[in-house]
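Only one structure is covered here, and it is reproduced in the block below.
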């Protein structure tokens, strides 16, 4: 069995930031990435996606994003940036390596890989993030809907949905952006349990993220106090608020029932719907920790700010609201990674 120093599970932005931080602590991480490249879930997002934060606020530690710092990079620019970052990172990165199970043993942890190989490691950082497990909420009658149901993780472009009647469920950035994009080619309703909240992209000539950084709100360690992560406001330059106000998409409360392809709205009216698209977020993607006893009944890790409540030597990076508003973002994951790496290094150097 191969013995390694620290296993970092996940090779996207969270895993790369963690590897960088561990190297700075004098440790030798091995990054285990299930896919064939080190850009995480970014290649699978919808084609028109651009970052909500400017390039100047969207870099991992040790490598600026490059180009105009005030632009909002496209999805493909992020993919290219992460690939460059991995190339310049002096770490053992193993792509196409899926971890099936993690168990505790006398030396720390034993990892079983999908191909049956095993690794022994002193510590494990679960850095597979929060975008690998799309969340499908329980909605009235959805299980009996005979039209098409998909998650935002499966959506790419609006063309296949031209002329359809579509309901997009959600109230966050992705829900509003996808609904507005679809509304140019289809009749779209944005359905949510709560009103859509908008945040101006620029105030007094400054991007929102400039204000979040200057006020300290971006790094405020409130994650431990949030039992349910709040829906973040839709960052808007005016286009999306105007689109919703114009009814493209229109905004309604979530449907109260479904019969076949007919959706029943809160006012009692019914209509046929072709597609229901769930822009309802994601949940932690940590199936390899199930047998370790490190997760609660909902599959959420038992931790405080990325540090485990169950197994010393285990840690987490890239969880939503792990420590702050920016914990699972390009701009914030490096801070959490550095903190976790420092704690792990202190423990490993003592043992």
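Out of all the residues in the range 115-163, which are without any contact (Cβ under 8 Å) to a residue 24 or more places away in the chain, under 27 Å from the mean Cα position of the chain (by Cα) and closer than 30 Å to residue 266 by Cβ?
Of everything in the range 115-163, those that are without any contact (Cβ under 8 Å) to a residue 24 or more places away in the chain, under 27 Å from the mean Cα position of the chain (by Cα) and closer than 30 Å to residue 266 by Cβ turn out to be 138, 143, 154, 160.
Among all residue pairs at least 6 apart or on different chains, which show Cβ distances below 7 Å where the first residue, located in the range 228-252, is more than 20 Å from residue 188 (Cα to Cα) and the second is loosely packed, with under 12 Cβ neighbours inside 10 Å?
From residues that are more than 20 Å from residue 188 (Cα to Cα), the pairs are 231/194.
Kindly indicate which of 269, 291 is outside the structural domain of residue 21 (by TED's automatic domain parsing), out of contact with any helix residue (DSSP H, G or I) (no Cβ under 6 Å at 6 or more places or on another chain) and surrounded by fewer than 17 Cβ atoms within 10 Å (Cβ to Cβ). Walk me through how you get there before you give the answer.
Details: 291 fails: outside the structural domain of residue 21 (by TED's automatic domain parsing).
Exactly one of 269, 291 is outside the structural domain of residue 21 (by TED's automatic domain parsing), out of contact with any helix residue (DSSP H, G or I) (no Cβ under 6 Å at 6 or more places or on another chain) and surrounded by fewer than 17 Cβ atoms within 10 Å (Cβ to Cβ), namely 269.
Within the range 194-230, track down each residue that is assigned to a loop (DSSP other than H, G, I, E, B), closer than 22 Å to residue 305 by Cα and over 20 Å from the mean Cα position of the chain (by Cα).
216, the sole residue that qualifies.
With respect to residue 170, is the statement that it is in contact (Cβ under 8 Å) with a residue 60 or more places away in the chain, outside the structural domain of residue 321 (by TED's automatic domain parsing), touching a helix residue (DSSP H, G or I) at 6+ places or on another chain (Cβ under 8 Å) and closer than 25 Å to residue 39 by Cβ true?
Here the answer is yes, as residue 170 does meet what is asked.
Here is a yes/no grid of residues against (1) at pLDDT below 95; (2) part of a loop (DSSP other than H, G, I, E, B); (3) within 30 Å of residue 50 (Cα to Cα):
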site	(1), (2), (3)
277	no, no, yes
288	no, no, no
319	yes, yes, yes
325	yes, yes, yes
328	yes, yes, yes
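Tally time: how many residues in the range 11-37 are at negative phi, surrounded by fewer than 24 Cβ atoms within 10 Å (Cβ to Cβ) and either assigned to a loop (DSSP other than H, G, I, E, B) or under 16 Å from the mean Cα position of the chain (by Cα) (or both)?
Qualifying residue count for the region: 7.
From 184, 171, 191, which residue is within 25 Å of residue 265 (Cβ to Cβ) and outside any loop (DSSP other than H, G, I, E, B)?
Being within 25 Å of residue 265 (Cβ to Cβ) and outside any loop (DSSP other than H, G, I, E, B) holds for just one of 184, 171, 191, which is 191.
Working only within the range 300-317, note down all residues that are part of a loop (DSSP other than H, G, I, E, B), touching a strand residue (DSSP E or B) at 6+ places or on another chain (Cβ under 8 Å) and touching a residue at least 40 places away in the same chain (Cβ under 8 Å).
311, 313, 317
Got at least one residue in the range 51-63 being free of Cβ contacts under 8 Å to residues at least 24 places away in the same chain, farther than 28 Å from residue 115 by Cβ and surrounded by 15 or more Cβ atoms within 10 Å (Cβ to Cβ)? Give the derivation first.
In the first step, residues of the range 51-63 are kept if they are free of Cβ contacts under 8 Å to residues at least 24 places away in the same chain; the result is 55-56.
Within this subset, residues satisfying the condition of being farther than 28 Å from residue 115 by Cβ are 55-56.
Next, only the ones that are surrounded by 15 or more Cβ atoms within 10 Å (Cβ to Cβ) stay: 55-56.
Within the range 51-63 (the criterion being free of Cβ contacts under 8 Å to residues at least 24 places away in the same chain, farther than 28 Å from residue 115 by Cβ and surrounded by 15 or more Cβ atoms within 10 Å (Cβ to Cβ)), the answer is yes, since at least one residue qualifies.
Just give me the residues in the range 88-139 being out of contact with any helix residue (DSSP H, G or I) (no Cβ under 9 Å at 6 or more places or on another chain), assigned to a strand (DSSP E or B) and at pLDDT 95 or above, in sequence order.
94, 110, 113, 118, 119, 120, 121
The values are calculated or read from the model by the stated rules, or taken from the named source; none is laboratory data. Computed from a prediction, not measured in an experiment: that's the story for all the values here. Methodologically, a virtual Cβ is constructed for each residue, glycine included, from the backbone with ideal geometry; neighbour enumeration extends over all protein chains shown.
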